[in-house]
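Data block below; observations after.
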Amino acid sequence: MSALAGGLLLAVTIDGEAARGHAAALAALGPHPWGSPRAQVAAQYVAAQFRAVGLGDVRLEPFITDGIAGTNVTGVLRGPGPEWLVVGAHHDTAPEAPGAYDDGGGVGVVIEVARALVRRPPPRTVVFASWDGEEAWSTRRATTTGSRAWLRAPGRDLARMVAALDVEMSGYAPGRPVLHTIAYADPRREGRAVVAPGWVVRAALRGSADNGQPFGVLDPRLGWLAQPGVRTFRVRLYGDDLSFLQAGHPAVFTSDSSFSTFYPWYHQPTDTADKIAPAALARMGQAVLGAVQELARTPRGASVEADWYAVGTSVLGRGGLLLAGGLSLAPALLVGARAGGRALPLAAIRAALFATLLWRHPVPALWVFLLPNLAAFRPRAWNVGALMPAAGLAVLGVAAWARGMASGLWLAWWELALAGALAVLGLWGVTARGARKPARKRRAAA
């Protein structure tokens with residue numbers, strides 16, 4: 001982004017106090033789960049605020065799923081060209097929670113981002129939405145019913161939808177805005193996952209950083225570990241991005257709760273307006289504003305792009321991950337070739353196993369085996385340092401299971417067996433010290 005464009009963007013700021021006011025107004029209704037009369041009042045409140053900030057074509061959109069009625073809200077900020085973005089949150093709550101944080105804070109941020117963008121419209125149309133039924137899990141019938149119904153509604157030109165940005169739980173003072181790039185089950189490919197596409201993440205990271213409130217990825221402290229974590233363990237958390245990704249549309253959700261800094265009153269009667277902070281809502285608003293501005297000028301990319309790894313505002317894609325993995329095999333193959341005997345076949349078998357795992361799951365495979373691969377020149381390749389990434393991933397998985405945040409693995413049983421065989425081969429023998437011993441014995445015999 002040019003300095004001029006960055007300056008213009010920074011001139012538009014988000015009012016955290018106003019966002020908190022919206023969250024407080026919604027929380028004052030008390031719990032308002034999907035299908036309740038209070039949820040209808042919440043929808044009407046959001047519609048009134050969309051009109052007040054200057055959005056056009058504001059609509060209340062009723063739907064029925066599994067016999068339960070709900071209401072979505074939509075408002076539009078028109079831009080040039082036929083392509084459009086979605087920025088949304090959800091106005092329903094868990095059954096016992098007033099929902100100031102989940103998701104009154106998210107709705108407040110969306111309203112105030114809309115207000116800011118009306119003053120300085122982006123180069124693409126932005127559709128603002130507030131969905132009902134995100135907490136439909138409580139009925140034991142469905143998930144994210146409102147956004148799923150919204151996508152199925154007639155008249156939407158989904159082929160021209162660029163991406164969706166879902167604003168979830170916002171306003172926690174100790175938290176920091178992160179993109180929750182969680183892997184979800186892909187209904188079109190059994191056993192595989194859908195993840196926010198790398199190009200969407202790249203644009204959101206770049207835009208938020210340019211606007212002075214950079215997003216992290218998954219966790220402000222543990223993002224480097226959480227990225228292979230969500231591709232290894234099946235995480236139980238989700239947002240309305242679930243509906244979009246499972247329907248084949250690019251999407252990501254954001255929150256300022258994360259694994260290391262999780263909102264303690266989540267889904268509780270104590271999720272009240274006094275728990276959320278205007279400064280935290282302003283941070284989230286600035287990050288979302290920057291992300292929307294960048295997405296509004298970014299060419300639409302692939303709908304499916306699950307394999308990537310983010311470092312700062314850079315995102316390494318599948319090609320880069322595969323190249324890095326392939327290059328990491330060079331030390332072990334070279335050591336095996338120099339040693340001769342059984343060392344080279346073992347190195348080749350190890351390379352084949354790693355390549356298979358790398359092709360199937362690039363991020364976890366690189367995370368676990370990159371250091372051991374590169375350590376082949378060292379006397380003891382599988383030392384404590386080389387094993388630390390794998391140990392960290394295991395600790396994260398156990399902790400997530402203990403906190404009820406994970407419920408399974410993305411790797412199939414045969415992929416786990418393959419990883420185990422790869423580890424055994426590494427421990428057994430293709431190391432510089434192990435390779436040199438036969439050579440010394442041959443010289444002694446001579």
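The values are calculated or read from the model by the stated rules, or taken from the named source; none is laboratory data. Remember, predicted model here, so these are calculated numbers, not experimental data. Note: ideal-geometry Cβ built from the backbone for every residue, glycine included; neighbour counts use all protein chains shown. We work out accessible area using only protein heavy atoms, side chains counted, and drop any ligands, DNA or RNA first. Shrake-Rupley method; radii C 1.70, N 1.55, O 1.52, S 1.80 Å.
Once the C-beta distance of Ala412 and Arg119 is scaled by a Förster radius of 51 Å, the resulting FRET efficiency is 0.50 to the nearest 0.05. What you get for the chain, charging only the Cβ of Lys and Arg (+1) and of Asp and Glu (-1), is a dipole of about 2860 debye around the Cα centre.
Which angle between 0 and 90 degrees, to the nearest 10, do you get for helix 384-402 versus the longest principal axis of the chain when only C-alpha atoms count? Computed tilt is about 40 degrees.
Just by accessible area at a 1.4 angstrom probe, what is the order of Trp359, Trp401 from largest to smallest? The partial results should precede the final answer.
On the way: Trp359 155, Trp401 110 Å².
Descending order: Trp359, Trp401.
About its Cα centre, the dipole of region 234-279 is roughly 200 debye, where the only charges are +1 on Lys and Arg Cβ and -1 on Asp and Glu Cβ.
Look at the dipole of the chain built from charges on Cβ: of Ala343, Pro299, Gly70, the Cα furthest out on the positive end belongs to Ala343.
Under conditions of 37 °C and 0.692 mPa s, region 1-115 yields 216 µm² s⁻¹ as its translational diffusion coefficient, taking Rh as the Kirkwood radius over Cα pairs in the Stokes-Einstein equation. Compactness ratio for the chain: Cα radius of gyration over 2.2 N^0.38 Å (N = residue count) comes to 1.10.
Extension gain, Arg342 to Leu323: 0.36 nm times the residue separation minus the Cα-Cα distance gives 4.2 nm.
Basic side chains Lys and Arg get +1 at the Cβ, acidic Asp and Glu get -1 at the Cβ, and with that the dipole of region 3-117 about its Cα centre reaches some 320 debye. Tally Lys/Arg at +1 and Asp/Glu at -1 over every other residue whose Cβ is under 10 Å from the Cβ of Asp240; what's the total? Every neighbour counted, the sum reads -4. Projecting the Cα positions of Tyr172, Met161, Thr232 onto the charge dipole of the chain (unit charges on Cβ atoms of Lys, Arg, Asp and Glu, taken about the Cα centre) puts Thr232 furthest along the positive direction. With a ≥ b ≥ c taken as the square roots of the eigenvalues of the C-alpha gyration tensor of region 305-344, please select rounded if a/c is under 1.5 and otherwise prolate if a/b is larger than b/c or oblate if it is not? In terms of gyration-tensor shape, prolate. Electrostatic tally near Leu411: other residues with Cβ closer than 11 Å to its Cβ, Lys and Arg +1, Asp and Glu -1, net +2. Farthest toward the positive end of the dipole of region 182-278, out of Phe215, Ala193, Ala251, is the Cα of Ala193, where the dipole comes from beta carbon charges about the Cα centre. Under the simplified labelling scheme, the Ala355-Ala279 pair shows an inter-label distance of 5.4 nm, with each label point 7 Å from Cα along Cα→Cβ.
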